[in-house]
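Colleague: Here's a structure for you.
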Amino acid sequence: MHILDPQQIAQLDLNDPLGRFGREFAKPNRENGEPCVYLCGNSLGLMPLGVPAALKVETDSWAQRAVEGHFEGVHPWMDYHQRFSGPLARLVGAEECEVVAGNTLTVNLHLLMAGFYQPDNRSNDHGRNIILMEAGAFPSDQYAMDSQIRHHGLDPKRCLVEVALPDDRDEDPTAPVLKQIALLGERLSVVMLGAVHYYTGSFFDIPSVVEAAHRVGALVGLDLAHAAGNVPLELHAWGVDFACWCSYKYLNSGPGGPAGLFVHRKHHARQDLGRLEGWWGHEAATRFEMPRDFVPASGAQAWQLSNAQVMGMAPHAVALELHDRAGMEALRNKSLALTEMLEAVLLDFLEKHPELKGRILTPSNPRRRGCQLSLFLEHRGRDLFDHLHHHGILADWRNPGTIRMAPVPLYNQFADVLAVQKALGSFGSKEHIEAPLH
Ligand SMILES: *Cc1c(COP(=O)(O)O)cnc(C)c1O
């Protein structure tokens, strides 16, 4: 590829309809005082500048009103969670009654599985008791699935099937999943997928997964940790049964911020779900009569357990407002352009450095990925990562040799890709010692 033209890049940034959103986030600085090129939004999104003021509203309310803050103030805490129905519904493509904010991601994963994973047989080898997930899933999801299976007295070695993704990035990551669903047939209980794979950045074709799973009578649950705010989602229209996500990656709501969950409307009236319940899931009108028996709130709100995590939710509201204003369509358009440009830069670099034995793990089809690109180097991966870091480019390192980079359309610019190209251009000079990884 041709070297990026700085003037053209400047023009792209100037014409970028989302350009002004970049100025609404705090960026970490390098030692020389210049802002970093931040490519870790897939790990922890940047802080919206409005966060401290939003937190102060709530700490002031706490200080000045104490318990009355539940009923008074700018956003009374009693119904605080309701601020999120609209923005979250738009974000994941759901009806407002299908989403709720709260808890943390792994907790929601367990809550949803407790409700929807109902193996119908105590034998490992018969009945509908298999969970299917992608191989190399995020460890928390693996531990959660293993322990869900053991919780029912079953053996994860027999009841958890992990589908390997294709090695070739030109192949469709969804194909092996569809094949495995058909093979498992009536043994399959739940397909639980990370919609966008945290390591490779592969974005599964969710509608076809849903269709295949429903055809064999199985349910589909999604972990949207790397999908929410990154790729367009239509959970309701696609017929996804349930889903959960965290808010601190592409949703920029701060470390450990409140997660979210989705339960499709078709399951709302079911009495047979093994839902685990708490007082905040009780219908709001009679919650404070403290009745002995649980009456579910309508929809996903019945899955709440506890009163709102206000101090985590205040930043969440600020961040979601930015997403809402930017809109997923504009974000996706810019994301496709940014990532394609970064991909070209990385491919060019790999071509110039065959000795590194590198390749991109992320699918080549833009429709089958979000903004993240994962670059795997057999040799000197860590050297390259350190070199980028030294040049003010913050990426993410995964052993044994993967550098994940996520140009986030909400706050990254085209100039950031230019900076990556520049830094890559100075890699390989003699200062680096040839040190194979293994
Ligand atoms: C980030 C991430 C998690 C983290 O779980 P928490 O409960 O928020 O700590 C879990 N699963 C996936 C797929 C992730 O990407």
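The values are calculated or read from the model by the stated rules, or taken from the named source; none is laboratory data. These numbers were taken from a predicted model, which means no experiment stands behind them. Reconstructed Cβ throughout: ideal geometry from the backbone, glycine too, with neighbour counts over all protein chains shown. Side chains included, ligands, DNA and RNA excluded: accessible areas come from the protein's heavy atoms. Shrake-Rupley method; radii C 1.70, N 1.55, O 1.52, S 1.80 Å.
Colleague: Under a point spin-label approximation (7 Å from Cα along Cα-to-Cβ), what is the TRP62-HIS390 distance to one decimal in nm?
Modeller: 4.4 nm
Colleague: Further question: Find out how many positive minus negative residues lie around GLY73, taking Lys and Arg as positive, Asp and Glu as negative, among other residues whose Cβ is under 15 Å from that of GLY73.
Modeller: Working: positive: LYS56, ARG65, ARG83; negative: GLU58, ASP60, GLU68, GLU72, ASP79.
Once positives and negatives cancel, what remains is -2.
Colleague: Got a number for carbon plus sulfur as a percent of the chain's accessible area, 1.4 Å probe?
Modeller: Of all accessible area on the chain, carbon and sulfur atoms account for 54 percent.
Colleague: Label 7 Å along Cα→Cβ of LEU44; region 382-405 residues with amide nitrogen under 16 Å?
Modeller: 394-397
Colleague: Within region 179-194, list the residues whose amide N lies under 18 Å from a label point set 7 Å along Cα→Cβ of ASP272.
Modeller: 186-191
Colleague: Give me the net charge of ARG404's neighbourhood, meaning all other residues with Cβ under 13 Å from the Cβ of ARG404; Lys, Arg count +1, Asp, Glu -1.
Modeller: Within the 13 Å Cβ shell, the charges total +2.
Colleague: Then there is this: Taking the Cβ-Cβ separation of GLU162 and TRP279 as r and a Förster radius of 30 Å, what is the calculated FRET efficiency to the nearest 0.05?
Modeller: Efficiency computed from Cβ-Cβ geometry: 0.20.
Colleague: In addition: Count charges around ARG187 for me, please; just the other residues with Cβ under 11 Å from its Cβ, Lys/Arg as +1, Asp/Glu as -1. Intermediate values should be presented prior to the final figure.
Modeller: Values: positive: ARG128, ARG158; negative: ASP120, ASP125, GLU186.
That sum, taken over residues with Cβ under 11 Å, equals -1.
Colleague: Separate question: Determine how large the accessible area of TYR143 is when every protein chain is in place; take a 1.4 Å probe and give Å² rounded to the nearest 10.
Modeller: 150 Å²
Colleague: So, one more: Which whole-number percent gives the relative contact order of the chain, counting Cα pairs below 8 Å spaced six or more residues apart?
Modeller: Contact order relative to length: 22 percent.
Colleague: Hey, for a label at ALA330 modelled as a point 7 Å past Cα toward Cβ, could you say which residues of region 356-383 have their backbone N under 20 Å away?
Modeller: What the label zone holds, given the 20 Å backbone N cut-off, is 371.
Colleague: For the chain, max minus min Cα coordinate along each principal axis, in Å, sorted largest first?
Modeller: Here the spans come out as 73, 60, 34 Å, largest first.
Colleague: Please give the peptides 381-392, 363-374, 4-15 ranked by average Cβ packing (other Cβ atoms within 10 Å per residue), highest first, as a rough proxy for protection.
Modeller: 363-374, 381-392, 4-15
Colleague: Taking just the alpha carbons, could you work out the radius of gyration and Dmax for region 265-333, both in angstroms?
Modeller: 16.3, 51
Colleague: If each residue of separation counts as 0.36 nm, what is the full-extension length gain between GLU351 and GLU31 once their alpha-carbon separation is subtracted?
Modeller: 112.0 nm
Colleague: Can you work out the accessible area per residue across the chain, with the rest of the protein chains kept in place, probe 1.4 Å, in square angstrom?
Modeller: With the other protein chains kept in place, the chain gives 44 Å² per residue.
Colleague: Using only helices, what value at 222 nm comes out for the chain when you add -39,500 (n - 2.57) per DSSP H run of length 4 or more and divide by the total residues, to the nearest 500 deg cm²/dmol?
Modeller: Helix contribution divided over all residues of the chain: -10500 deg cm²/dmol.
Colleague: Step through the table entries LYS157/LYS179; LYS56/LYS249; LYS27/LYS266; LYS179/LYS334; LYS266/LYS334; LYS157/LYS357, compare each Cα-Cα distance with 31 Å, and write down the pairs that go over it.
Modeller: On the way: LYS157/LYS179 20 Å; LYS56/LYS249 23 Å; LYS27/LYS266 42 Å; LYS179/LYS334 33 Å; LYS266/LYS334 34 Å; LYS157/LYS357 34 Å.
Pairs exceeding 31 Å: LYS27/LYS266; LYS179/LYS334; LYS266/LYS334; LYS157/LYS357.
Colleague: Also, I was wondering about something else. Which trypsin sites (Lys or Arg not before Pro) in region 270-326 pass both tests, a DSSP loop state and at most 16 other beta-carbon atoms within 10 Å? It would help to have the intermediate numbers written out before the result.
Modeller: Working: sites: ARG270, ARG275, ARG287, ARG292, ARG325; in loops: ARG270, ARG275, ARG292.
Those that pass, being in a loop and sparsely packed, are ARG270, ARG292.
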